[in-house]
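*Asks:* Okay, here's the structure, questions in a sec.
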Amino acid sequence: MNTLLRTVPLGRYRGVAVGAHWSTLVVVLLIAQVVAVSFLPATAPGYSPVSYWLVGVLAAMAFMLSLLGHELMHALVAKRFGVGVRRIDLWLLGGATELTEPPPTPRADLLVALAGPGASAVTAVVAGVAATALNAAGGPALVVSPLIWLAAANVLLAAFNLVPAAPLDGGRVLRAIVWWRTGDQARGERVASVAGRAFGLVLAVVGAGEVLLGQISGLWLVLMGAFLVVSASAEQSYNQVRHQLEGVLVREVMTPDPPVAPGWWTADSFLHACTADRHQRVFPVISFDGTPVGVVSIADLVRVPDRANTRVSDVAREVPTARPGEPVLDVIGRASPTTGRNVVPVLEGGRLVGVLGAEDVAWATEISRAVRLGDRETSS
Ligand SMILES: [Zn+2]
C-alpha cells in the first residue's frame, strides 16, 4: 500500500483494530488552533496564550476520542448483528468503520447507522451537563468553556452525519428505510448513493463559492464534498459487483490448473521460460514437492539484482489463499485479487488447484449479468 495511505495502529478494542492516519494530527492541530486562538479568548478571557493552547490541544484530543467512541458504537452494534468489523480508522475528514459485509436486515442496517450519532449525542449531553454543573459550582471558565465547546462539536458531528446522503450515517438510514419499505436492498443503496453524490456536489460548490469570496476555510467544504462524491460512487460500483457475485463460488470462476513458477528455478531461467507464454504476468510459486509457497510476478523477478543466482522462491510473496468452495466475495474482501499484480492461489488439501485473479473476477461480474453462475453444474 502507498505510504501516504497507511495508518498507524493504535491498538485493538474488543477484537477491532483501531488505527489513525497521519492526517489525524493535522485535524488535532487545526482544532486546537481554533479553540486556543478564537474560542477560548472570547469565552474565557484573561488567561495566558500558553494556557489557551494547552486546553486547546486537550479539547482537540477529547474530540478525537469522542469521534472514536462514535465509530466504536457503529462497530459494536454491527458485531451484535453478527457483522464482522475489519477496522476503524481516524483520518483527515473524521472516522471510518469498515464492515466485512452490509448488515443483514433493514433493522440492523438502521441501528448500526444510528449507533454513531447516538454516541455523539450522549457525549454532547454528558459534556453539557458537566459544564453546567461546574459553572453552577463556580468552576473556572477555562474548564467550563472547552466542555461547552466539546458538547457543541458533538451536536454538530451528529447532525452532519445524519444528513441522508451516502456514505454518511444518514445515508445508511435512508438506505435502510428504502430497503424496509420496498424490500429491495439494491434500490436502497442506489437512492443513498444518488443522494450522496448530490449532497457532495452541493457542498463542493458552496465551498468553492466561499473560496472565491476570499474565505479560505471553504476548502474544507470542497474537500468534504469531493470525498462524498467519490466515496458514494465507489460504494455504488462495489455494491453492484457484490450483487452480481452474490452466491458465486471460487471454483466457478477461478482459472484451474494455472501455469506455475517452480520455486527452485533461478529468476533468470524462469524469465526466459516465460517468453513461451505471453499472457500471464503473475504466477503461483510451488516448492519442489508441489507445496504452494506464494506468488511472484514478472515485475518482481525483473527487479531482482542478481537474477542468475536468486531462486524464484526467494522472491515469492506470501499472499492470502482461497478454498474452491468459498464465496468469491469473501475472497475479494480479504485478498484484493483485483489489483492486477496479484492472484489468489486456490488450495484444496494443501495442493494448488487454481488461481483467482482480476481477469477471473471481471469475467464473473460481466457474465453474471446474463448467466446465473451459482446455478450452474460444475465438474470440479
Ligand atoms: Zn458514523
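*Asks:* Of everything in segment 57-94 that's among the charged types (D, E, K, R) and surrounded by 19 or more Cβ atoms within 10 Å (Cβ to Cβ), which residue is farthest from LEU219 (Cα to Cα)? Talk me through it step by step, then tell me what you get.
*Replies:* We begin by selecting, within segment 57-94, every residue among the charged types (D, E, K, R); these are 71, 79-80, 86-87, 89.
Cutting the leftovers down to surrounded by 19 or more Cβ atoms within 10 Å (Cβ to Cβ) gives us 71, 89.
Working: GLU71: 25, ASP89: 23 Å.
Among those residues, the one meeting the criterion is GLU71.
*Asks:* Let me ask you something else. It is to be established whether one or more residues within segment 13-25 are under 18 Å from TRP149 (Cα atoms), free of Cβ contacts under 8 Å to residues at least 60 places away in the same chain, in the same structural domain as GLY95 (by TED's automatic domain parsing) and aliphatic (A, V, I, L, M).
*Replies:* As a first pass, look at segment 13-25 and keep what is under 18 Å from TRP149 (Cα atoms): none.
No, there is no match, as no residue in segment 13-25 is under 18 Å from TRP149 (Cα atoms), free of Cβ contacts under 8 Å to residues at least 60 places away in the same chain, in the same structural domain as GLY95 (by TED's automatic domain parsing) and aliphatic (A, V, I, L, M).
*Asks:* For segment 93-107, does any single residue satisfy the condition of being within 16 Å of the ligand (Cβ to nearest atom), aliphatic (A, V, I, L, M) and in contact with a Gly (Cβ under 6 Å, 6 or more places away or on another chain)? Don't jump to the end; show me each part of the working.
*Replies:* Within segment 93-107, the first condition is being within 16 Å of the ligand (Cβ to nearest atom), and the residues that meet it are 93-99, 102-103.
Okay, now just the ones that are also aliphatic (A, V, I, L, M), so 93, 96, 99.
From what is left, the residues that are in contact with a Gly (Cβ under 6 Å, 6 or more places away or on another chain) are none.
No, segment 93-107 contains no residue that is within 16 Å of the ligand (Cβ to nearest atom), aliphatic (A, V, I, L, M) and in contact with a Gly (Cβ under 6 Å, 6 or more places away or on another chain).
Rundown of residues vs (1) away from the ligand (no atom under 13 Å from the Cβ); (2) among the aliphatic types (A, V, I, L, M); (3) without any contact (Cβ under 8 Å) to a residue 60 or more places away in the chain, yes/no style:
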{"residue": "LEU134", "(1), (2), (3)": "yes, yes, yes"}
{"residue": "GLY139", "(1), (2), (3)": "yes, no, yes"}
{"residue": "LEU147", "(1), (2), (3)": "yes, yes, yes"}
{"residue": "VAL163", "(1), (2), (3)": "no, yes, yes"}
{"residue": "TRP180", "(1), (2), (3)": "yes, no, no"}
{"residue": "GLU189", "(1), (2), (3)": "yes, no, yes"}
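*Asks:* Can you pull out the residues in segment 58-89 that are more than 12 Å from the ligand (Cβ to nearest atom) and more than 15 Å from LEU147 (Cβ to Cβ)?
*Replies:* Those that are more than 12 Å from the ligand (Cβ to nearest atom) and more than 15 Å from LEU147 (Cβ to Cβ): MET64, LEU76, LYS79, ARG80, PHE81, GLY82, VAL83, GLY84, VAL85, ARG86, ARG87, ASP89.
*Asks:* So, in segment 347-369, how many residues would count as being farther than 11 Å from VAL253 by Cα and either outside any helix (DSSP H, G or I) or not assigned by TED's automatic domain parsing to the domain that holds HIS272 (or both)?
*Replies:* Qualifying residue count, segment 347-369: 8.
*Asks:* Could I ask something else about it? Sort through SER269, SER313 and tell me the only one that's assigned to a helix (DSSP H, G or I) and either touching a helix residue (DSSP H, G or I) at 6+ places or on another chain (Cβ under 9 Å) or aromatic (Phe, Trp, Tyr) (or both).
*Replies:* Sole residue among the options that is assigned to a helix (DSSP H, G or I) and either touching a helix residue (DSSP H, G or I) at 6+ places or on another chain (Cβ under 9 Å) or aromatic (Phe, Trp, Tyr) (or both): SER269.
*Asks:* Suppose we filter segment 2-51 for residues that are in a strand (DSSP E or B) and of a type in the set (A, V, I, L, M, F, W, C); how many remain?
*Replies:* We begin by selecting, within segment 2-51, every residue in a strand (DSSP E or B); these are 7-13, 16-21.
Then keep just the ones that are of a type in the set (A, V, I, L, M, F, W, C); that gives 8, 10, 16-18, 20.
Total satisfying the criteria: 6.
*Asks:* Could I ask something else about it? May I ask you to say which residue of ILE286, ILE298 is of a type in the set (Val, Ile, Thr), in the same structural domain as ASP360 (by TED's automatic domain parsing) and closer than 16 Å to PRO345 by Cβ?
*Replies:* Values: ILE298 fails: closer than 16 Å to PRO345 by Cβ.
Of ILE286, ILE298, the one residue that is of a type in the set (Val, Ile, Thr), in the same structural domain as ASP360 (by TED's automatic domain parsing) and closer than 16 Å to PRO345 by Cβ is ILE286.
*Asks:* Give me a count of the residues in segment 228-266 that are surrounded by fewer than 16 Cβ atoms within 10 Å (Cβ to Cβ) and assigned to a strand (DSSP E or B).
*Replies:* Qualifying residue count for the region: 1.
*Asks:* Okay, next question. Which of (1) in a strand (DSSP E or B); (2) touching a Lys or Arg at 6+ places or on another chain (Cβ under 9 Å) does ARG87 not meet, given it meets every other one?
*Replies:* Condition not satisfied by ARG87: (2).
The values are calculated or read from the model by the stated rules, or taken from the named source; none is laboratory data. Values in this document were obtained by computation on a predicted structure and should not be read as measured data. Neighbour counts are summed over all protein chains in view; Cβ atoms, including those assigned to glycine, are modelled from backbone coordinates with ideal geometry.
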